[in-house]
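See structure below.
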Amino acid sequence: MADVAAVRERLRWLRELRLPIGRTPLAVVDLDRITESVDLVRRSAPHSRLTYALKASYFAPLVRSMRQAGVGVSVFSDLELALARRAGFPPADIVYNGVGRTGRSLNDAVESGVQVTVESMDELHALLRKRAGAARPAAIGLRVNGAHCSDIDAAVKYQVLGLPVGEVARAADLIAGSGLRINGIGFHLFQNQVTNDAHLSYVRSLVPTLRKLAGHPAAAVTFVDVGGGFASRLETGDQRAADTFAGIEQEIRDRLGVDPVFELGRFLASDAQLIVSRVVDVRSTSAGHRIVLLDASTNYLIPAPGHRFRVAPVAPEGSGDQSSPATFVDRLGSKISSHLCGRLAPGDLVVVLNCGAYTDVMKEHFVYPLPEVVAISRGSIVVTAPAGDGHDVAQYHHWHRVAEVVDQ
């Protein structure tokens, strides 16, 4: 559930911008929110390394804001690696995760100075074959999975990615004498966590393995990458978020003497973006429950796992206005959120909050066109991305001749 004070603050910020809102839906990205969130984590966990999980949003002004804030970047594919380089991240600030990568792709990244994390024995064998010969010394990380831990969330999804803990020692034996060394261990098992309980539990379960690895001649572990999965500030409130990062850092430093790496996607991107939408209609069920139909649509509100969108009126609600339950749906009838809300009528402006992560990257361009996007910093619009149209849909799906129909 969204933090009430945070919701009010985001609405106050939007009203003070006094945007000339015409066509809706309109996406608004608050670049200053990125810097504020980064500062919060750094104050809470000053010894930790921060990276931005690029899969959360490829929106270029947002990504550049991450780099300007001094955050590294975590990528999951060759495409994202190329985007990170184009955005100006130096190789040493890039963490390259992924699945099923080739030896050439892995070796090229290692040779360029990127922090590569290998997630399977197949990937490790492919990398070692490619490096056979005169490759210079370098470091890689190992990703481990949760197969030995029975109570993590979404176990079937997450436990298949990464080396089983029992294979970490065998991986280290293979690496010995190759010119590589293991400089870190990583995992990513959780989603939308509002506390650090799950992360701490898993770190503690790894301690015996990590301590054993520390004595291996192929290992010089300096970090534990705890992945991401942290809920946004809008959902947790700033104090709980601060306690979350501080607690994980202290646990890892006290037990292992190394520093954490946080891969922050949702935490940095979610509440940095909002969508201004307009009420199309208000309907009632036979039980008297309100259904509020918005002009926002699923091609930029595809729910990421564990999403918690929040809809609120842009105009301040009157002091005498009574709140009652409402379910907000898009133009396809898909549920956006359901909670208490004051009176709404067709034409009223609302804002969809906590929607900046995974909605741009994962969206399908079909059904409805893309909204206009404005990026805001210090109270002013710094860049505008135009709304998409039928031509964009046609190009995305390689139906190039459909553009002729769009023009008719």
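From the residues in region 153-165 that are farther than 25 Å from R131 by Cα and not hydrophobic (A, V, I, L, M, F, W, C), which one is modelled with the highest pLDDT?
From region 153-165, those farther than 25 Å from R131 by Cα are 153-160; that's our starting set.
Then drop every residue that is not not hydrophobic (A, V, I, L, M, F, W, C), which leaves 153, 157-159.
On the way: D153: 48, K157: 58, Y158: 60, Q159: 64.
Looking at residues that are farther than 25 Å from R131 by Cα and not hydrophobic (A, V, I, L, M, F, W, C), I get Q159.
Among the residues that make up region 238-251, is at least one of them assigned to a loop (DSSP other than H, G, I, E, B) and of a type outside the set (A, V, I, L, M)? There is no residue in region 238-251 that is assigned to a loop (DSSP other than H, G, I, E, B) and of a type outside the set (A, V, I, L, M).
Results for (1) modelled with pLDDT of 95 or more; (2) in a loop (DSSP other than H, G, I, E, B); (3) surrounded by fewer than 17 Cβ atoms within 10 Å (Cβ to Cβ), shown as yes or no for each residue.
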site: Y58; (1), (2), (3): no, yes, yes
site: P61; (1), (2), (3): no, no, no
site: M66; (1), (2), (3): yes, no, no
site: V73; (1), (2), (3): yes, no, no
site: L79; (1), (2), (3): no, no, yes
site: L83; (1), (2), (3): no, no, no
site: V95; (1), (2), (3): yes, no, no
site: V99; (1), (2), (3): no, yes, yes
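Step by step: first the residues of region 379-404, then only those that are assigned to a loop (DSSP other than H, G, I, E, B) and closer than 30 Å to T35 by Cβ, then the one that is modelled with the lowest pLDDT. Which residue is that? Ranking the qualifying residues of region 379-404, first place goes to G388. Look at (1) in a loop (DSSP other than H, G, I, E, B); (2) of a type in the set (A, V, I, L, M, F, W, C); (3) at pLDDT below 95; (4) under 21 Å from the mean Cα position of the chain (by Cα) and you find that F89 fails only one, number (3).
Look at (1) without any contact (Cβ under 8 Å) to a residue 12 or more places away in the chain; (2) of a type in the set (G, A, S); (3) over 26 Å from P371 (Cβ atoms) and you find that G22 fails only one, number (3).
In region 265-276, the condition of being in contact with a Pro (Cβ under 8 Å, 6 or more places away or on another chain), at pLDDT below 95 and either of a type outside the set (V, I, T) or part of a strand (DSSP E or B) (or both) is met by at least one residue.
Restricting attention to region 113-143, the residues that are in contact with an Asp or Glu (Cβ under 8 Å, 6 or more places away or on another chain), part of a helix (DSSP H, G or I) and over 26 Å from E263 (Cβ atoms) total 0. Within region 20-45, the residues that satisfy the criterion of being part of a loop (DSSP other than H, G, I, E, B) and in contact with a helix residue (DSSP H, G or I) (Cβ under 8 Å, 6 or more places away or on another chain) are P25, A45. Is there a residue being of a type in the set (D, E) and more than 29 Å from V99 (Cα to Cα) anywhere in region 39-62? Checked against the condition, which is being of a type in the set (D, E) and more than 29 Å from V99 (Cα to Cα), region 39-62 yields at least one hit. Taking the criterion of being surrounded by 16 or more Cβ atoms within 10 Å (Cβ to Cβ) and polar (S, T, N, Q), the residues of region 158-200 that qualify are Q159, S178, N183, Q191, N192, Q193, N196. When G257, G247 are checked against the criterion of being surrounded by fewer than 24 Cβ atoms within 10 Å (Cβ to Cβ), at pLDDT 95 or above and at positive phi, a single residue qualifies: G257. For region 175-196, a tally of residues being at pLDDT below 95 and assigned to a helix (DSSP H, G or I) returns 0. Of the strands (runs of 3 or more DSSP E) entirely within region 331-378, those holding at least 1 residues that are small (G, A, S) and modelled with pLDDT under 90 occupy 335-341.
The values are calculated or read from the model by the stated rules, or taken from the named source; none is laboratory data. This is a predicted model, so every value here is computed, not measured. Glycine gets a Cβ as well: all are built from the backbone with ideal geometry, and neighbour counts include every protein chain shown.
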